[in-house]
1. For segment 219-250, how many residues meet the condition of being under 19 Å from Val26 (Cβ atoms) and free of Cβ contacts under 8 Å to residues at least 12 places away in the same chain?
2. Looking only at segment 178-199, how many residues end up being modelled with pLDDT of 80 or more and surrounded by fewer than 17 Cβ atoms within 10 Å (Cβ to Cβ)?
3. Taking the residues in segment 70-102 that are surrounded by fewer than 16 Cβ atoms within 10 Å (Cβ to Cβ) and of a type in the set (Val, Ile, Thr) as candidates, determine which candidate is modelled with the highest pLDDT.
Amino acid sequence: MQEITALLQDPAAWIALITLVVMEVVLGIDNLVFISILTNKLPPEQRQTARRVGIGLALVMRLALLGTIAWIVKLTTPLFEAFGHGFSWKDLILIAGGLFLVWKATKEIHHNVDPIDHEEDFIASSKSGTMTAAIGQILLLDLVFSVDSIITAVGMTEHLPIMVAAVVIAVTVMLVAATPLANFIEKNPTIVMLALGFLLMIGTTLIADGMGFHVPKGYVYAAMAFSGLVEVLNMMARRKKQAERAAKATKH
């Protein structure tokens, strides 16, 4: 209790908290895009429940990982060396998560291009297993991002209460933003393909990080923001043309 009181009175602790929250929210964008695409494949009545349960369990998992932070830090210790790079458990987790993300995004792009071939859809076709599969995949990907973000957080602050507070705040933001983002993606089909392209890029970045080739996150998010801005302008242009055609049809 005394430690928490001291942290509340320490300006440096507040700066660390704000920085960690921003970092967690930015890293959570990747997760939200994946969650939105994944849950939009479910029946409408199951989507919100799947998002809430998946993100809620992800919060529990992150807090549990924070409880084993001493073990998490050891994941950066090299296990073996190959191609001039020492691979640690963190590297292997990032590579596995990147491959998983690239595979999922590729399968979904295939499904969008060839929607008749429903057997290629990456979610189980039976309704009973669909929500469970979606939640499981949300947790699997969140595990990858959690390990990466926690190790980064350890380098920014040594105070566990600050890390816990940052995780709770960031996951709460994700929970609030998940449904609006998913609805926006569903109403704009062109955004789906753009989002899948983002997931491919994020997956490739994770693989590169795991192989020892660090790609600054700022470059990745700047590219995503620029692509998103271009698509928003395209959407505005399409809507303007649709309104003009509708006006002409009304006159005739």
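The values are calculated or read from the model by the stated rules, or taken from the named source; none is laboratory data. Please read these numbers as outputs of a predicted model, since none were measured by experiment. Quick reminder, even Gly has a Cβ in these numbers, built from the backbone with ideal geometry, and neighbours come from all protein chains shown.
1. Restricting attention to segment 219-250, the residues satisfying the condition of being under 19 Å from Val26 (Cβ atoms) are 219-229.
Going one step further and asking which of them are free of Cβ contacts under 8 Å to residues at least 12 places away in the same chain, we end up with 219, 222, 225-226, 229.
Residues meeting the conditions: 5.
2. 5
3. It comes out as Thr77.
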